[in-house]
1. Does region 8-35 hold any residues that are open to solvent by less than 50 Å² (accessible area, probe 1.4 Å), in contact with a strand residue (DSSP E or B) (Cβ under 8 Å, 6 or more places away or on another chain) and part of a loop (DSSP other than H, G, I, E, B), and which are they?
2. Select from region 36-54 the residues that are of a type in the set (Val, Ile, Thr) and in a loop (DSSP other than H, G, I, E, B) and write down the one among them that is least open to solvent (accessible area, probe 1.4 Å).
3. Report, by residue number, each residue of region 20-35 that is closer than 15 Å to Ala51 by Cα and either within 8 Å of the chain's Cα centre (by Cα) or in contact (Cβ under 8 Å) with a residue 24 or more places away in the chain (or both).
Amino acid sequence: MHKRLYRSDTNKMIAGVCGGIGEYFNIDPTLIRLAWVFFSIATAIFGGLLAYILAAIIIPSR
């Protein structure tokens, strides 16, 4: 079966990007969210925010 990455409809806080990534890799979405926060802090918020916005636009919803 071919796995596809989708934004989560059930496990979402803002747009479902972290929930969808967590579902795709079978990882707790909370860990993905924490990693995203650390990435955002490390890039002075701009890199993480830009990456999230792009992911929300590019990754389709289910």
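1. Passing the criteria: Ala15, Gly16.
2. Thr43
3. Within region 20-35, Gly20, Ile21, Ile32, Arg33 qualify.
The values are calculated or read from the model by the stated rules, or taken from the named source; none is laboratory data. In this text, all values refer to a predicted model and were calculated from it rather than measured experimentally. Backbone-built Cβ (ideal geometry, glycine too); neighbour counts: all protein chains shown. Side chains included, ligands, DNA and RNA excluded: accessible areas come from the protein's heavy atoms. Shrake-Rupley method; radii C 1.70, N 1.55, O 1.52, S 1.80 Å.
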